[in-house]
Amino acid sequence: MSDTTRTYEATQQNNNLTAHDPLEKDFSNGNGFHLDGNMDSDQALRRIRTAGSISISPELFEKIYLSPQNKVSGDLRKTFGNPTPLALVGFLLSLSPLSCDLMGWRGAGGSGAAGTGTYYFFGGLLMVLGGVGEFIIGNTFPFVVFTSFGAFWLGFAATLQPLYNAWGAYSPNPAEPALGLATVGFQSSFAFFQLFMGVLCLVYLICALRTNIVFVIIFATLVIGFGLLAGTYWQLSNGNAALAGKLQITAGAFTFITCMCGWWIFLAIMLAALDFPFQIPVGDLSHIIKGASEKAKEKEQYSA
């Protein structure tokens, strides 16, 4: 058989395999193919060997990466692993125990100071690494979210460390830096950090309306949680310890809801990544709020 004949037959085989599948996403160039759940392993292997790229549906993409589909050059998404669940692990292993601390479960307290090491190495390290991974593969939204929260956890852990003198600078007695924790200056100042983290989460909440319902709930509860924490520290500075305690418990309750949603979406991503025979829903919103480029394309098609 000649090389020309073999090339022609391979081309015909690829055409037959993909004639019924719409191209939903091309990660590298214009010669992409779509893999679906009805394909047997031999067909999938032949496609992987011959395809210039592999496509996944917009719903699956947004579940796996927590971001609307975006086109990037190269094959980085096929070369590197998905960094999204790594960042989620860092977030969940930091916020979940902190939420319980804020609610005072089983006598916990101290603003979560017992988890300082966790905030450094789970919240800070893993979320920054996950964010850098999202940057490498071209996912801007999760890159910004994960690295900003990684910085939050690093900043929070540093505030709890005497080494950084965050509260010692407010102490009326340099020999007793812990006295600074109870000062109006420290409590009011730290409240502003919580307040503007809430503002940041509000921006993320608006952006998340293009992803899924679970992600929206995560940021909505974080907005409320950070607002309540800001109120906690301001009430402490006003001397209203009883009200501050109630606000802190409520803040912990809202961030606990955040964590439960985070664990749900983490499980959904891992099931999808490992191609489990069943999936759990996250409430896809990609079909409700369409992107500007998608609307422009539809307008062009309508005009034509």
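The values are calculated or read from the model by the stated rules, or taken from the named source; none is laboratory data. None of these values were measured; they are calculated from a predicted model. What goes into the accessible areas is simple: the full protein's heavy atoms, side chains included, and nothing from ligands, DNA or RNA. Shrake-Rupley method; radii C 1.70, N 1.55, O 1.52, S 1.80 Å.
Suppose accessible area is computed on protein heavy atoms with a 1.4 Å probe; arrange Trp234, Trp263, Trp153 from highest to lowest.
Working: Trp234 75, Trp263 95, Trp153 5 Å².
If we order Trp234, Trp263, Trp153 from most to least accessible, we get Trp263, Trp234, Trp153.
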At q = 0.13 Å⁻¹, what log₁₀ I(q)/I(0) does the stretch 195-288 have when each alpha carbon counts as one equal point scatterer in the Debye sum?
-0.53
How much solvent-accessible surface does Glu176 expose, in Å² to the nearest 10, with a 1.4 Å probe and all protein chains in place?
90
Stokes-Einstein at 20 °C, 1.002 mPa s, Kirkwood radius from Cα pairs: D for the stretch 148-304 in µm² s⁻¹?
116
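In the P(r) worked out for the stretch 76-164, what percent of Cα pairs fall beyond 22 Å?
On the way: 1224 of 3916 pairs.
Distances greater than 22 Å cover 31 percent of the Cα pairs.
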Portion, in percent, of the accessible area of the stretch 195-288 that falls on carbon or sulfur, probe 1.4 Å
79
Integer Hz, Karplus 6.51/-1.76/1.60 couplings in order for the stretch 129-142, x for Gly and Pro
4, x, x, 4, x, 5, 4, 5, 8, x, 9, 5, 4, x
Pairwise over distinct Cα atoms, reciprocal of the mean inverse distance: report the Kirkwood radius of the stretch 154-223 in Å, one decimal place.
13.9
Search the structure for amide H atoms under 5 Å from the amide H of Asp284, placed 1.01 Å from N in the peptide plane, and list their residues when 5 or more places away or on another chain.
Ile213
